[in-house]
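First up is the structure itself, then whatever we jot down about it.
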Amino acid sequence: MGAILIPVAIVSGLGLVFGIILSYASVKFEVKGDDRTEKVREALPGANCGACGFTGCDNYAEAIVNGAEINLCPVGGSELVTRLSEIMGVEAQIGEKTVARVMCNGSWDKVTVKFDYDGIIDCRSAATMAGGPSSCVYGCVGMGSCKKVCAFDAIVVENGLTRIDEKKCSGCGKCVAECPKMIIKMVPSKSEYSVACSNEEKGAVARKNCTVACIACRKCVKECPVGAISIINQRAVIDPVKCENCGACIKVCPTTAIMKYKGHM
């Protein structure tokens, strides 16, 4: 019996000694976590949209503590940047708020429909079929793929056309990346006027396919007092940096392609 108890006692004793040593080592060599990480994480909005370039708010919080810029979250806005500046003890330039805007107004009642689409409800899938149901291959496909990726309930699809509620839009840009036609653009939130058309056909063809298409008539170009409008690829484009929101352009547009977006849905 003693032959068994002695080895057991030795092993148990060694286990106790090693346990004490490991416990001491864990305390002695503990890597202290940065308590700012938790504070930063609490300040972040928790949308986990990935617009900052990181996989989620947890990863972004860790990255900030490790030196990442504190102004990469479009959801939190200037208030978040101010709060993070206080936590981290650094300063960051607060960028201008931007929102997503659909440069198209071609709903089903304004375009010629080529065929009835009966397939996967996805813009990319529908666009592979002759550019989509609309005769305007540059316009909104209207299947709502952008709506599916919006984490802020800022997008609705009505009558084959995507609409963005700019009051809800966080400026994350996920809808921009999702759109196969690349007609969703980020613009300064203060910008009130945009040409809601992305058609690159000549005027007669564009108007045939969509009754509200830009026909590049240049009336808006001539009317703009600050030179904020130019014709690019057969359509008018308003430079939001130069635009002073005077509204002179919208008054002379013969096809109502120019729209006022302040608070527009």
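Derivation of every value follows stated rules applied to the coordinates shown; laboratory data play no part. The structure presented is a predicted model; accordingly, all values stated were derived computationally and were not measured. Glycine gets a Cβ as well: all are built from the backbone with ideal geometry, and neighbour counts include every protein chain shown.
General remarks:
- Remark: region 84-161 is approximated by an ellipsoid whose semi-axes, taken from the C-alpha gyration tensor as √(5λ), come to 37, 13, 11 Å, largest first.
- For Cα Rg over 2.2 N^0.38 Å, calculated from these coordinates, the label among [x] 1.06; [y] 1.55; [z] 0.92: [y]
- Over the chain: helical MRE at 222 nm, DSSP H runs n ≥ 4 each giving -39500 (n - 2.57), nearest 500: -9500 deg cm²/dmol
- Neighbour counts of other Cβ atoms within 10 Å put 54, 152, 115 in the fewest-to-most order 115, 152, 54.
- As a proxy for reagent exposure, ranking 103, 182 by other Cβ atoms within 10 Å from fewest up yields 182, 103.
- Of all the options 59, 209, 199, the one that moves most in a Gaussian network model of the chain with Cα springs shorter than 10 angstrom is 59.
- Multiplying the residue separation of residue 121 and residue 62 by 0.36 nm and removing their Cα-Cα distance gives an extension gain of 17.5 nm.
- Here the Gaussian network model covers the chain, with springs between Cα atoms less than 10 Å apart; of 156, 90, 99, 90 fluctuates the most.
- Entry note: region 36-88 has Rg to Rh equal to 0.89, where both radii use alpha-carbon atoms and Rh is the Kirkwood radius.
- Per-residue Cβ neighbour counts within 10 Å put 85, 134, 189 in the sequence 85, 189, 134, beginning with the fewest.
- Cα-Cα over 27 Å, subset of 148/168; 39/148; 110/242; 97/242; 168/242: 39/148; 110/242
- Compared with the dominant Cα axis of the chain, that is its longest principal axis, helix 77-88 is turned about 20°.
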